[in-house]
Amino acid sequence: MANRGPSYGLSREVQQKIDRQYDPELEQILVRWILGQCGGDVTQPEPGRDGFQQWLKDGTVLCRLINSLHPRGQGPVAKIQASAMAFKQMEQISQFLQAAERYGIAATDIFQTVDLWEGE
C-alpha cells in the first residue's frame, strides 16, 4: 500500500464507502475464475482485500490471464516475469491494461496502473 497517513473528512468518508462495497464472495468467484482460466501457472492468493491486491500487484497474474484468453502462443504479452522492482511491476500492469483495451474492454472501464499498485 502507499505510504500515506490516515485520511480525514471527506477523504475518509469516501474510503469508508469504498471499503463497505468490497465483496469477499465476489473476490472468491474471481479467484476461482482466474485460477481456472490460467491453470497451474498461478498460485492462490491470501484471502481478503489486501491479499487479493498483493496477488495482482506485480502484474504477472493479470498478464497470464490476458494471455490465456488468446490462442496458445498468440498472447499479447510476450514476456511475463516476476520482479520486486516497482517500475517493472507497474510496466507489467500497464501491458495488461493495453492488452485488455485491445481485447475490447472500454477505456472508461479500465483502472489506472497506480491505483492497483497502491491498492486504491
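The values are calculated or read from the model by the stated rules, or taken from the named source; none is laboratory data. Since the model is a prediction, treat every value here as computed from it, not as a measurement. In this analysis, Cβ positions are derived from the backbone assuming ideal geometry, glycine residues included, and neighbour counts consider all displayed protein chains. Remember, those area values only see protein heavy atoms, side chains included, never the ligands or the DNA or RNA. Shrake-Rupley method; radii C 1.70, N 1.55, O 1.52, S 1.80 Å.
Just a few scattered comments:
- Pick from the stretch 50-82, criterion among the β-branched types (Val, Ile, Thr) and assigned to a helix (DSSP H, G or I), ranking: nearest to Tyr22 (Cα to Cα): Val61
- Qualifying residue in the stretch 58-69 (condition: over 20 Å from Val31 (Cβ atoms) and exposed (fewer than 14 other Cβ atoms within 10 Å of the Cβ)): no
- Restricting the stretch 7-42 to residues that are aromatic (Phe, Trp, Tyr) and surrounded by 11 or more Cβ atoms within 10 Å (Cβ to Cβ), the residue that is nearest to Asn67 (Cα to Cα): Trp33
- Phe111 meets the conditions (1) closer than 23 Å to Ile18 by Cα; (2) of a type in the set (Phe, Trp, Tyr); (3) open to solvent by less than 60 Å² (accessible area, probe 1.4 Å) in every case but one. The failed one is (3).
- The stretch 70-81 - residue that is among the aliphatic types (A, V, I, L, M) and surrounded by 11 or more Cβ atoms within 10 Å (Cβ to Cβ) and, of those, farthest from Asp41 (Cα to Cα): Val77
- Residues that are over 21 Å from Glu120 (Cβ atoms), of a type in the set (A, V, I, L, M, F, W, C) and either under 14 Å from the mean Cα position of the chain (by Cα) or not in a helix (DSSP H, G or I) (or both) do not occur anywhere in the stretch 86-93.
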